[in-house]
Structure formats: structure tokens, C-alpha cells
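S.K.: My questions will all concern the structure given below.
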Amino acid sequence: MAAELERLHRSKDHPKPKAGIVHLGLGAFFRAFGALYIDDAVRISGGDWGIVGVSLQSAATRDKLAPQDFVYTTVSQDPDGGETFRKIEILETVLVAPEDPEAVLARMADPAIRIVTLTVTEKGYCHDPATGKLNFAHPDIAHDLDHALPRSAIGFLVRALKRRRDAGTPPFTVLTCDNLPENGKLVRGVVQDFARAHDPGLADWIAAEGRFPSTMVDRITPATKPEDVERLAQKTGIRDEAPVLCEPFRQWVVEDDFVPAYGADARPDLAAAGVEMVADVTPYEHMKLRMLNGTHSSLAYLGYLAGHETIAETVADPVFEGFCKRLWREEIIPSFAPPEGVDLADYAGALFERYSNPAIRHRTWQIAMDGSQKLPQRILGTIADNLAAARPSPGLILAVAAWMRYVGGIDERGQPIEVKDPLAERLRGLSDSADTPEAKVAALLSVREIFSAGMAAQLAAPVSSSYELLCRIGARRAAEAVT
Ligand code: CS2
């Protein structure tokens, strides 16, 4: 195994490429996904597209990668237990923003940097999920408007663009890799909101010169556990403190809209690495956010409440298999137009195979995180389109009720749930403030960052009856009742 990994190792006469990209939010997903595609693009077509990783909160990833020259392994796990190893050598270094924000800004302002990529999760954009507008009340945004050295991804983007504008350097392309609808448009909007509040002339420059292409990103990447590190070290004979586990499948669809000032050098040869370069990513985004992420979140809440630890275990339960397949067939597929040439029934079948992969231990608890930031684009948009088409959504309504039960913080066995969500405390308080299913649902529907007033009015009755059913007969039987 060690020989195989060494074979993949870049030979000494192929030093790492110079950096052309800064990545904000260096988590497992980007290391298994964007970094791998870019590593491929450079191996195939060359170019100065090394990546400077930036951790916005913790030094943990840097501390693990620095001793191994920022080289790490992706481990693609097949359903039959086979594992394919790939050494990724595209990271030049990793900066830790809280330790030295100036170092981050300086690299982002470096003319050699032509792209800034982001995986900061839905909550990292400091936006209002229901409207997409910048949340000026967010403590990091309030701080960053008053301080030259920022904390938030948005603060770093705008402060770095300001330095580039002042130095006569073209802007970098902002390439978001997060699961948000029209993600490029969203990040452009919050960047503009921040810039206009700080320096209206800068906002005009960004509007004219900046580029924020939307993307669809897809690779299931569960969190790496300490025991994975030990097991892989034993298996390969090489100790990697920061391996990334992932499924074999990956798909990246990117709008081909990069800063024109750089001409042919505006981006790596992504197409050579298998990235689909398109004019409009919207149909791909609808497909993925609704069909994958919408069922992921539905299965996460219902599966967790039913006592299933992973997605694979949840869909191995015939009740949830039927529930999931019915969601696709009856509620999600009819809600949007597929990308040209894509058969959504085939796509659903492939998704189910991916979910069923027993090697991928993707925890329902992990997917259940940050539901307040995920529900609008994963579930509520589909419900809204179904309401407009007079198409019932009992399965998605039950998923909303399950999310409400989940954020109430007590599971079906009376055990506490560790709810991870930027609004966790507020949601728990709202749930606790009421003692009937109807009142609890009404309290949670009052959160305007998630539910518009119109949506709340339409959901009150059906979600209340689903919530009552959930509490009375449990998640598994409630899912069975819908199927
Ligand atoms: C998951 C996603 O954690 C979650 O919310 O639904 O990370 C999902 O695994 C990816 O979007 C798959 O591409």
C-alpha cells in the first residue's frame, strides 16, 4: 500500500505549483473535493494554481497538516469495503485567521491570487436565510465593519478586494462551494451589502469588475474520526494525521464566469479535471439541493429520532427506503425542471445507491446540524413550489415537524439531543415556551429568518398535525404513515 501511495506522490522534479488560489474554510469537504479537482487540473494542464488554505476558526487542521508539508490523503470508500487512496499535494500552506488576519489579507491581496474559493457552510455567509440579505446584526459583521482586520469570510473578501482596488490590482474571482441556491449571486449580494456600508465606491468597483460564478458541488464526505487515522496508518504504513474519507462519486458544475482581466489565466483547466463548465448552474443546483440535500435533511431528522446513527442505516430500514423514494417520486421530482438530458428517476436511483453505501458512516447527527440555515433551500422551497401547484407535500411537512421535534432537544427516548445550530438556544427556548404541539409549531414558525409570514401561515395546520402524530407514534411509524 505504501508503494501505491508513493507512486501517487508528485516526483521531486514536479514541485508544488505557486499559489493562485486562497481557500476560506479548509474543512474536510473541500479537501476531498475542490482541492482534488484542482490538483487534477494542475497535473493535467499545469498552471500556478497552488492553494493557500485558510482556517477561519481553529488551528487544528493547520497543526495536523504542517508537519506533513500540507500533503494529505483522500480515501474513497467503496460499498464492498475497497478503499482508493489519493495523495493531494496542492496545498502550499494553511493560515489560521484568528492568529494572524493580516497574513490572510496580504495573501488575498497578492496579485498572484486570481481566485478565492469558499466552503464556510451556510451560516458562514452571515445572511438571512429567508431573504439572502446580509445580517448586519451578526456580531462578526458588526465587528468587521469597524475593524480593518476581519473575522468573517465576508469581511475578509471585502477588505481584500479593497486592498486590490487601492493597489490597482484586478479583483479575484469569488468561487463559493457551499450548498446554497444561486450561491454565487448570494455571496455577491452580501459582499456588496458589506462594501456599500463600508465604502460605496468600492461596492461599485466590485459590481463592475468582480465575478461570482455559481456552482453545484457534490461529494458525500463524512467527518474523519480519530480511529480512522489509526486504522489507515496501520493499513498503509504511512501516518497521515489529516486523511479525508469520502464516497467515490463527485460532481462539480461551475458557471464559466471568471474575472476577464486575467484572460486565459483566470482559472485552472477545470474541464480537463472533469468539472462541467456551464452558462447557468440553476437546474443542476435545484436537482442537487432538493433531491440530495432535501432528502438528506429529511432522513437526518426522522432517522435520528428513530434511533438510526447513519444515513446508510436509515435507508436500510424498509420504512425509510419507501419514505425516501416516495419523497423523490411524489414531492421533489415534480417540483422542478431537470438539467437537459438528465433523467431524474435515474438520478434518484443513483442517489439511493450512494446513501446505501455501508462504508460511508455519514451520521444523521452531522447532517442535522445548522438546520435553521439549511431548511429554506433544501425543503421549504420545494414545499412552496408544491403549494403553488396544489401538490401535497406530506413527506416534507413531516420532515419540518421532525426538525422542530429535533431542535426541541429531547429525543423519543427522553434523552437530550446535542443540537448544533446558530439559532439552537433561541429555537429551544421557543419550543420550551409552549406546551402543546400546535403552540410549539406556531412558536417555531415565528422565526422569520427561516419561515416567511406567508409560508408560516400555510404550514401552521399541516405541520401541527404532523408534529402531533410524530409525538404520538414516533418518527418511524409517522414516516410509514406517509409512505
Ligand atoms: C449534507 C451535505 O451535511 C449535510 O448537510 O447534506 O454535506 C451533503 O453530504 C453534501 O452536500 C453532498 O454533496
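The values are calculated or read from the model by the stated rules, or taken from the named source; none is laboratory data. Source: prediction; values computed, not measured. Cβ placement follows ideal geometry from the backbone for every residue including glycine, while neighbour counts extend to all protein chains displayed. When the accessible area is computed, the model is the full protein with side chains, heavy atoms only, and any ligands, DNA or RNA have been set aside. Shrake-Rupley method; radii C 1.70, N 1.55, O 1.52, S 1.80 Å.
S.K.: Considering only the stretch 212-229, state which residues are in contact with a Lys or Arg (Cβ under 9 Å, 6 or more places away or on another chain) and either open to solvent by 60 Å² or more (accessible area, probe 1.4 Å) or among the aromatic types (F, W, Y) (or both).
M.R.: Across the stretch 212-229, the qualifying residues are F212, K225.
S.K.: Looking at the stretch 359-392 only, could you name the residues that are within 13 Å of the ligand (Cβ to nearest atom), in a loop (DSSP other than H, G, I, E, B) and in contact with a strand residue (DSSP E or B) (Cβ under 7 Å, 6 or more places away or on another chain)?
M.R.: Hits for the stretch 359-392 are I360, R361, H362.
S.K.: Among the residues of the stretch 65-91, count how many are in contact with a Pro (Cβ under 8 Å, 6 or more places away or on another chain) and more than 10 Å from A242 (Cα to Cα).
M.R.: Taking the stretch 65-91 as the starting set, the residues that turn out to be in contact with a Pro (Cβ under 8 Å, 6 or more places away or on another chain) are 72-79, 84, 90.
Of the ones still in play, those that are also more than 10 Å from A242 (Cα to Cα) are 75-79, 84, 90.
Number of matching residues: 7.
S.K.: Can you report the number of residues in the stretch 441-459 which are open to solvent by 40 Å² or more (accessible area, probe 1.4 Å) and either out of contact with any Asp or Glu (no Cβ under 7 Å at 6 or more places or on another chain) or closer than 29 Å to V319 by Cβ (or both)?
M.R.: Step one: of the stretch 441-459, the residues open to solvent by 40 Å² or more (accessible area, probe 1.4 Å) are 442, 446, 448-449, 452-454, 457-458.
Remaining after also requiring either out of contact with any Asp or Glu (no Cβ under 7 Å at 6 or more places or on another chain) or closer than 29 Å to V319 by Cβ (or both): 442, 446, 448, 452-454, 457-458.
Qualifying residue count for the region: 8.
S.K.: Another question about this same structure. Would you point out the residue of the stretch 266-311, among those that are in a loop (DSSP other than H, G, I, E, B) and either touching a Phe, Trp or Tyr at 6+ places or on another chain (Cβ under 6 Å) or open to solvent by less than 10 Å² (accessible area, probe 1.4 Å) (or both), that is farthest from the ligand (Cβ to nearest atom)?
M.R.: Out of the qualifying residues, it is A266.
S.K.: Still on this structure: I'd like to check something: does the stretch 167-176 contain any residue that is in contact (Cβ under 8 Å) with a residue 12 or more places away in the chain, surrounded by 20 or more Cβ atoms within 10 Å (Cβ to Cβ), within 27 Å of R290 (Cα to Cα) and not β-branched (V, I, T)?
M.R.: yes
S.K.: Then there is this: Using beta carbons and a limit of 8 Å, which pairs, at least six apart or on different chains, have the first residue in the stretch 52-79 and among the basic types (K, R) and the second one open to solvent by 30 Å² or more (accessible area, probe 1.4 Å)?
M.R.: Between residues of the stretch 52-79 that are among the basic types (K, R) and residues that are open to solvent by 30 Å² or more (accessible area, probe 1.4 Å), the close pairs are R62/L95; K64/E241.
S.K.: For the stretch 28-144, list the helices (runs of 4 or more DSSP H) that sit wholly inside it and hold at least 1 residues that are open to solvent by less than 10 Å² (accessible area, probe 1.4 Å) and of a type in the set (G, A, S); which are they? Give the steps one after another, and end with the answer.
M.R.: Details: elements: 28-32, 34-45, 60-65, 101-109.
Output list reads 28-32, 34-45.
S.K.: Any idea which of (1) in a helix (DSSP H, G or I); (2) buried (at least 19 other Cβ atoms within 10 Å of the Cβ) is the one D421 doesn't satisfy?
M.R.: (1)
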